[in-house]
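Colleague: This structure is in structure tokens; I'll ask about it shortly.
The values are calculated or read from the model by the stated rules, or taken from the named source; none is laboratory data. This one's a predicted model, so the numbers in the text were calculated from it and none came from an experiment. Neighbour counts are summed over all protein chains in view; Cβ atoms, including those assigned to glycine, are modelled from backbone coordinates with ideal geometry.
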Amino acid sequence: MILMKNTTGKRIWIVKNDSQKTAVIAAELEQLCRAAGFVFDEENPEIVISVGGDGTLLTAFHDYERQLKTVRFIGVHTGHLGFYADFQEHELEQVIETIVHEKPSQAFKYPLLKVQIKFTDGRVKTHLALNESIIRRASKTLVADVKISDFLFEKFRGDGLAVSTPTGSTAYNKSIGGAVMHPRVRAFQVTEVASLNNLIYRTLGAAMIIAEKDTVAFDLENADDYLLTVDQLEYFYDRIASVTYSLDGGEIAFVNGGHTGFWHRVKNSFIGEVK
Ligand code: NAD
């Protein structure tokens, strides 16, 4: 049952998607949070509760990506089972209990991808990705020199290249043939999007698992129609010279508690009952 008022004073914020179902669940959750004595603080929360799907958690992450040292996340899903949102709508009291009892030192932490874009005029821009970042061109062939820690590995030609974190390996990465990685594996992954392979052009044609300390850079041909995605965000940048990826983007912290084991989540999401 719900705890007495003013027992914790933890600073929280709820980020939700705009579905009607979510609105109902978020309103109920808000009441329970107030009854538990949590303080609503949009500017400086300790805990951000996302209510919706994985996309909502990604939105919450990007909303607070500059405060990752002080913010921990917890997700409630209001649709089908989520990877980042593993509490269900009938478990709201458990969510409250979990937040009351969680400790920052026990949070689950997962690495983030640093995405560094160098422009032809020398400017540099940095993004953080929780799932993945993809570089692609609108319709023409993307041509890139692929370098692994400055070692020229291949010349890629195709639609694009996706780079994913361990936790993002079950998202877009999996759909394009990448490997599913346990999030405790400290590595990241490069996966091809529709590479050209014929008598003239050759790429590895397989997903590559990159060691934690290495970087991967794509030196790009001069073109003005690149699309760079960072999770659900899209950037139409002109004059990109290169994009460099590394796993030193810091970490995202999840509240410890109620977490379904990774391989259980994979099975529940993609396999179901084994008959
Ligand atoms: P969304 O919640 O609609 O996400 C789209 C789907 O991707 C949902 O089924 C969601 O559960 C799943 N998903 C997201 N992150 C996941 C993860 N880490 N592991 C397993 N499944 C995951 O919201 P959105 O704003 O479209 O989310 C953007 C993310 O969706 C992207 O980062 C991308 O990974 C994923 N996505 C996947 C595909 C695909 O697989 N073909 C296409 C578009 C987007």
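Colleague: With the condition kept exactly as written, say whether any residue in segment 59-70 is crowded, with 23+ Cβ neighbours inside 10 Å, within 16 Å of the ligand (Cβ to nearest atom) and β-branched (Val, Ile, Thr). I'd like the intermediate steps shown before the answer.
Modeller: Initial filter on segment 59-70 (crowded, with 23+ Cβ neighbours inside 10 Å): 60-61.
Imposing the further condition that a residue be within 16 Å of the ligand (Cβ to nearest atom) reduces the set to 60-61.
Keeping just the survivors that are β-branched (Val, Ile, Thr) gives none.
No: zero hits.
Per-residue answers, yes or no, for (1) part of a loop (DSSP other than H, G, I, E, B); (2) touching an Asp or Glu at 6+ places or on another chain (Cβ under 7 Å):
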| site | (1), (2) |
| --- | --- |
| Val143 | no, yes |
| Arg157 | no, no |
| Ala162 | no, yes |
| Val180 | yes, no |
| Gln189 | no, no |
| Val193 | no, yes |
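Colleague: May I pose another question? Anything in segment 237-247 that is farther than 28 Å from Val185 by Cβ and at pLDDT 95 or above? List them, or say none.
Modeller: So the first thing to find is which residues in segment 237-247 are farther than 28 Å from Val185 by Cβ, and the list is 237-241.
Those that are farther than 28 Å from Val185 by Cβ and at pLDDT 95 or above: Ile240, Ala241.
Colleague: Name the residues in segment 127-162 that are within 16 Å of the ligand (Cβ to nearest atom) and either more than 22 Å from Arg265 (Cα to Cα) or free of Cβ contacts under 8 Å to residues at least 24 places away in the same chain (or both), would you?
Modeller: Step one: of segment 127-162, the residues within 16 Å of the ligand (Cβ to nearest atom) are 127-136, 159-162.
Listed by number, the residues that qualify are His127, Leu128, Ser133, Ile134, Ile135, Arg136, Asp159, Gly160, Leu161, Ala162.
Colleague: Give the number of residues within segment 186-203 that are under 16 Å from the mean Cα position of the chain (by Cα) and surrounded by fewer than 14 Cβ atoms within 10 Å (Cβ to Cβ).
Modeller: Final tally of qualifying residues: 1.
Colleague: Also: Just for segment 30-53: of the residues that are surrounded by fewer than 22 Cβ atoms within 10 Å (Cβ to Cβ) and assigned to a helix (DSSP H, G or I), which one is farthest from the ligand (Cβ to nearest atom)?
Modeller: Among them, the one singled out is Ala35.
Colleague: Quick one: would you say Lys114 is in a strand (DSSP E or B) and either modelled with pLDDT under 95 or within 18 Å of the chain's Cα centre (by Cα) (or both)? Explain how you work it out, then say what you get.
Modeller: Working: in a strand (DSSP E or B): yes; either modelled with pLDDT under 95 or within 18 Å of the chain's Cα centre (by Cα) (or both): yes.
It is true that Lys114 is in a strand (DSSP E or B) and either modelled with pLDDT under 95 or within 18 Å of the chain's Cα centre (by Cα) (or both).
Colleague: Test Val115 against the stated conditions and say whether it is touching a residue at least 24 places away in the same chain (Cβ under 8 Å), on the phi < 0 side of the Ramachandran plot, surrounded by 16 or more Cβ atoms within 10 Å (Cβ to Cβ) and touching a His at 6+ places or on another chain (Cβ under 6 Å).
Modeller: Working: touching a residue at least 24 places away in the same chain (Cβ under 8 Å): yes; on the phi < 0 side of the Ramachandran plot: yes; surrounded by 16 or more Cβ atoms within 10 Å (Cβ to Cβ): yes; touching a His at 6+ places or on another chain (Cβ under 6 Å): yes.
Yes; evaluated as a whole, the condition is true for this residue.
Colleague: Please go through segment 257-274 and give me each residue that is surrounded by fewer than 11 Cβ atoms within 10 Å (Cβ to Cβ) and among the β-branched types (Val, Ile, Thr), ordered by number.
Modeller: Ile271, Val274
Colleague: Any idea which of (1) part of a loop (DSSP other than H, G, I, E, B); (2) modelled with pLDDT of 95 or more is the one Thr56 doesn't satisfy?
Modeller: Unmet condition: (1).
Colleague: Output the number of the condition that Tyr237 fails; it satisfies all remaining conditions of (1) surrounded by fewer than 17 Cβ atoms within 10 Å (Cβ to Cβ); (2) hydroxyl-bearing (Ser, Thr, Tyr); (3) over 23 Å from the mean Cα position of the chain (by Cα).
Modeller: Status for Tyr237: all satisfied but (3).
Colleague: Would you check which residues across segment 117-141 are in a strand (DSSP E or B), touching a Leu at 6+ places or on another chain (Cβ under 8 Å) and of a type in the set (S, T, N, Q) and list them?
Modeller: Passing the criteria: only Ser133.
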